[in-house]
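The values are calculated or read from the model by the stated rules, or taken from the named source; none is laboratory data. Please read these numbers as outputs of a predicted model, since none were measured by experiment. Note that each Cβ is placed from the backbone with ideal geometry, even for glycine, and that neighbours are counted across all protein chains shown.
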Amino acid sequence: MVKIVVVGGGWAGCAAALAAAKCGADVVLLERTDLLLGTGLVGGIFRNNGRYTAAEEAIAMGGGDMFVAMDANARHKDIKFPGHNHASLYDVTTMEPLIRKVLQNYGIVIKTKARVVDIIKYGKKVQGVILDNGEITTGDAFVDTTGSAGPMGNCLRYGNGCAMCILRCPSFGPRISLTALAEIKEIMGQKMDGTYGAMSGSCKINKDSLGEELRVKLEKEGVAVLPIPENIQRKSSLGKKACSQYALPEYAANLILLDTGHAKLMTSYFPLDDLRTIPGLESARYEDPYAGGIGNSMRYLGIAPSNNSLQVLGMDNLFCAGEKSLILVGHTEAVVTGLLCGHNAVRYCLDMQYLELPRTIACGDFIMFVHECMNQDEGLKLRYTFAGAAYFERMKNLSLYSTSRAEISARVAEAGLTDIYNTCLI
Amino acid sequence: MKNLSLYCIDINSRYCPCLLAETNHCVFCSQLKGEESCNCNWQGVCVLYEQHWQKKNSAHTKEPLRSEITTKFSITEELAKDIYLLKFSVPQELAKELNKPGAFVFLRAPGDEHFCRFPVGVMKVSENEAYVVIEKIGPKSTRLFFNNNTELVVRGPYHNGMFGQPWIDKITGGKILLIAGGMGQPPALPAAIKLSQNHNKIVAVLAPGKVGHIFIAKELANLGIDLRPVVSMRKNGLPLLKELLIEKPDLIVSAGPDEQHYAIVNVLQDQGLDIPMAATNNAPMCCGEGICGSCIKETNDNKKIRTCKVQTDFTYLIPY
Ligand SMILES: Cc1cc2nc3c(=O)[nH]c(=O)nc-3n(C[C@H](O)[C@H](O)[C@H](O)COP(=O)(O)OP(=O)(O)OC[C@H]3O[C@@H](n4cnc5c(N)ncnc54)[C@H](O)[C@@H]3O)c2cc1C
Ligand code: FES
């Protein structure tokens, strides 16, 4: 029997576990907090711009379960906001139990409050991981999907301090990278000014604290755009943000609110006193991070070097996905890399050739392109996503962007990848 | 509980972050070691954060690291030639801090230079009186009694007098084998008190050692501990140990010289037993703050640790 151990239960880890289970492996998923989805517990936007194409590719390849669950749990579908088309918003307050059920249905063993703190390694092989209670979990191949956000010291040194985000480092202990434990040197993302890290790009207001009129409008339309009075606009903060697709001038002049279950505010942080001068927000309070008036979590501090099969360079049986693997932003990006990495972890155990996604589909081009960019210093200062900025431009230029299910599945079929993730390998 | 990774005994105490953090030599926080990002495994309050807030506040609150007070001492008993049981009174707060396994202080005579101070394990604290046993063995300990001196400067509290101390603090309702010889007796007593408070069943093998005298027997008996005095640890104690190991204790506490620790580890290895062992820290020390380097030991994976501050499993300090 093949046993895959996935460390980190964000979207990337959930997708990796799913893909490995679909191949027929025994899968254990270890998550340090008491909830799956990681930063996916506070995001919610998907299918916007090129993410639509990526999601449909994953569906055509047989790895669509996560997107089917997001679609089924969407509060709003096909909405527009500045720079973004045909976006869906999943309900962040109810998503986690659904995904847990999906994974359990595939027989995946989920262990929460299970933080990996050490590794047992022999040469280039990981033999086991050690949890903070001393328990050892052995396996044939391992997946590092520990993300790149926090912990507290990083948020302090590179950001404005711990703002008490959903990762809850003080309660569950700091994020620990499996790759770093394996003594592989990690890559650090940078801000435009060359300092390390990038701040998460959105914070959430408690919906019940909004003015009645605004709340009703937001729940009905999914989006609300509020002009920011000139005296409190901050033009310089955009470079600090993780999400370059939202670094548009519209976002400096307006507050953009989205209904994801919370009122998602498309800016890293916004001083509470200023926020409350805006009509409709007189009584606003933050839901995530709790100190959303001061700062937000810092990300991209520790990315594993990997090849296009998402195998960690320098190790044989260690694979990575999500923010741990590339300077990428997004649930969709985490899921599509997670699927590939979980699938390849099983291929490693069976001595099979690794799967690489070709450049003729967006997911394949994305992984290769981001790897190429990360080899250049300037490339470390950008963030990559199907939803905007440099990569969405590229998608359009290469005609990879499409919202036609038929067209996308034809491309996947041409690449010989139809239902590849649904194929039992064992 | 078997795995004890290296950690600083002072972490998150009022003595943390310390002088080491100021110059990027913290033994715990990767960023306060000069690394670029977080890479620690600490589940308590973030040390970098503490440093950040302390810096902000430092204008009005720069307390000295540890208190240093001058106090009179009296010799309550001469246990053997050149070995004395001393008592001296300390402020209530310090007394409380010293009433723990592994606690120690630095002592020197008032007129002496700071570098004359030496570490002494605290045997017992009663009301505000601390009891210690001192052997006049080198220049520092001899100076304390020089010219009929009756006063001492006590600096403390320090806490890393026992490797594996978290085991002693945490175990409840277990079977304990306590092995104490000679000058290992004073630090054995606080460990025994803590262990019996936590409802552990303790068997103690006691040897007089160089002191020629078993002087904690009465106190141990009062705790209801099963005493097995022997004449010589090497000749009788170790064979007895082998017999007692049949009972499979949950924890062994070795209080005595390093040779005793080594001998016990050997017996355990011979018998193929993997039982955690707490052991007294016998390293020479001078500053107690991780600065001077007198207490450095090398672990068997070649890390140099400053044992005045860093907790570890004693067996990591035995070369392979
Ligand atoms: C505030 C915010 C809003 C966002 N909004 C959106 C959005 O609307 N749409 C979108 O597409 N993207 C959004 N993103 C980005 C998106 O959430 C992430 O890029 C993506 O979800 C990353 O997934 P991941 O699995 O790689 O990492 P993470 O979600 O960070 O998951 C890592 C997981 O690993 C666990 N872990 C870490 N160390 C250990 C260890 N040693 N042992 C066990 N477990 C460990 C962590 O607890 C965590 O659960 C948002 C991000 C943030 C922070
Ligand atoms: S005694 Fe000075 S460094 Fe430990």
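What's the total number of residues in region A:325-372 that are touching a helix residue (DSSP H, G or I) at 6+ places or on another chain (Cβ under 7 Å) and basic (Lys, Arg)?
Residues flagged as touching a helix residue (DSSP H, G or I) at 6+ places or on another chain (Cβ under 7 Å) and basic (Lys, Arg) within region A:325-372 amount to 1.
Please work out if B:Glu68 is of a type in the set (Asp, Glu), in a helix (DSSP H, G or I) and either surrounded by fewer than 19 Cβ atoms within 10 Å (Cβ to Cβ) or within 14 Å of chain A (Cβ to nearest Cβ) (or both). Reasoning before the result, please.
On the way: of a type in the set (Asp, Glu): yes; in a helix (DSSP H, G or I): no; either surrounded by fewer than 19 Cβ atoms within 10 Å (Cβ to Cβ) or within 14 Å of chain A (Cβ to nearest Cβ) (or both): yes.
For B:Glu68, the condition - of a type in the set (Asp, Glu), in a helix (DSSP H, G or I) and either surrounded by fewer than 19 Cβ atoms within 10 Å (Cβ to Cβ) or within 14 Å of chain A (Cβ to nearest Cβ) (or both) - is not met.
Out of curiosity, is A:Gly189 touching a Phe, Trp or Tyr at 6+ places or on another chain (Cβ under 8 Å) and either within 11 Å of ligand 1 (Cβ to nearest atom) or closer than 24 Å to A:Leu318 by Cα (or both)?
Details: touching a Phe, Trp or Tyr at 6+ places or on another chain (Cβ under 8 Å): yes; either within 11 Å of ligand 1 (Cβ to nearest atom) or closer than 24 Å to A:Leu318 by Cα (or both): yes.
Yes: the conditions hold for A:Gly189.
One line per residue, one yes/no per condition, for (1) away from chain B (no Cβ under 14 Å); (2) among the polar types (S, T, N, Q); (3) within 16 Å of ligand 2 (Cβ to nearest atom); (4) at positive phi:
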| residue | (1), (2), (3), (4) |
| --- | --- |
| A:Ala54 | yes, no, no, no |
| A:Asn73 | yes, yes, no, no |
| A:Lys80 | yes, no, no, no |
| A:Ala87 | yes, no, no, no |
| A:Val92 | yes, no, no, no |
| A:Val102 | yes, no, no, no |
| A:Tyr106 | yes, no, no, no |
| A:Ile119 | no, no, no, no |
| A:Val126 | yes, no, no, no |
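Hey, can you tell me all the residues within region B:1-32 that are farther than 17 Å from B:Lys55 by Cα, at pLDDT 90 or above and within 12 Å of chain A (Cβ to nearest Cβ)?
B:Ser30, the sole residue that qualifies.
Anything in region B:164-178 that is over 11 Å from B:Asn200 (Cβ atoms) and touching a His at 6+ places or on another chain (Cβ under 9 Å)? List them, or say none.
Passing the criteria: only B:Gln165.
Taking region B:246-267, which residues are in a helix (DSSP H, G or I) and buried (at least 18 other Cβ atoms within 10 Å of the Cβ)? Steps first, please.
Kept after step one, since they are in a helix (DSSP H, G or I), are these residues of region B:246-267: B:258-267.
Correct list: B:Gln260, B:His261, B:Ala263, B:Ile264.
Among the candidates A:Ile166, A:Ile205, A:Ile176, which residue alone is hydrophobic (A, V, I, L, M, F, W, C) and more than 10 Å from ligand 1 (Cβ to nearest atom)?
Within the list A:Ile166, A:Ile205, A:Ile176, the selection yields A:Ile205.
Does A:Gly43 satisfy being part of a loop (DSSP other than H, G, I, E, B), crowded, with 24+ Cβ neighbours inside 10 Å, near ligand 1 (Cβ under 9 Å from one of its atoms) and in contact (Cβ under 8 Å) with a residue 40 or more places away in the chain? Break it down into steps so the answer makes sense when it comes.
On the way: part of a loop (DSSP other than H, G, I, E, B): yes; crowded, with 24+ Cβ neighbours inside 10 Å: yes; near ligand 1 (Cβ under 9 Å from one of its atoms): yes; in contact (Cβ under 8 Å) with a residue 40 or more places away in the chain: yes.
Here the answer is yes, as A:Gly43 does meet what is asked.
As an exercise: evaluate A:Met152 against (1) surrounded by 20 or more Cβ atoms within 10 Å (Cβ to Cβ); (2) under 21 Å from A:Ala321 (Cα atoms); (3) free of Cβ contacts under 8 Å to residues at least 24 places away in the same chain and give the number of the one condition it does not meet.
(2)
Go through region A:4-35 and give me each residue that's in a strand (DSSP E or B), farther than 17 Å from A:Asp351 by Cα and touching an Asp or Glu at 6+ places or on another chain (Cβ under 9 Å). Write out each step before concluding.
First, pick out the residues of region A:4-35 that are in a strand (DSSP E or B): A:4-7, A:10, A:26-30.
Remaining after also requiring farther than 17 Å from A:Asp351 by Cα: A:5-7, A:10, A:27-30.
Across region A:4-35, the qualifying residues are A:Val5, A:Val6, A:Val7, A:Gly10.
Return a yes/no flag: does region A:136-148 have any residue that is within 22 Å of the chain's Cα centre (by Cα), under 23 Å from A:Ser202 (Cβ atoms), facing chain B (nearest Cβ under 8 Å) and not acidic (Asp, Glu).
no
Results for (1) on the phi < 0 side of the Ramachandran plot; (2) in contact (Cβ under 8 Å) with a residue 60 or more places away in the chain; (3) in contact with an Asp or Glu (Cβ under 6 Å, 6 or more places away or on another chain); (4) within 16 Å of ligand 2 (Cβ to nearest atom), shown as yes or no for each residue.
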residue	(1), (2), (3), (4)
B:Asn266	yes, no, no, no
B:Gln271	yes, no, no, no
B:Thr280	yes, yes, no, yes
B:Gly288	no, yes, no, yes
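When A:Gly302 is evaluated against the numbered criteria (1) part of a helix (DSSP H, G or I); (2) within 14 Å of chain B (Cβ to nearest Cβ), which criterion, by number, is the only one it fails?
(1)
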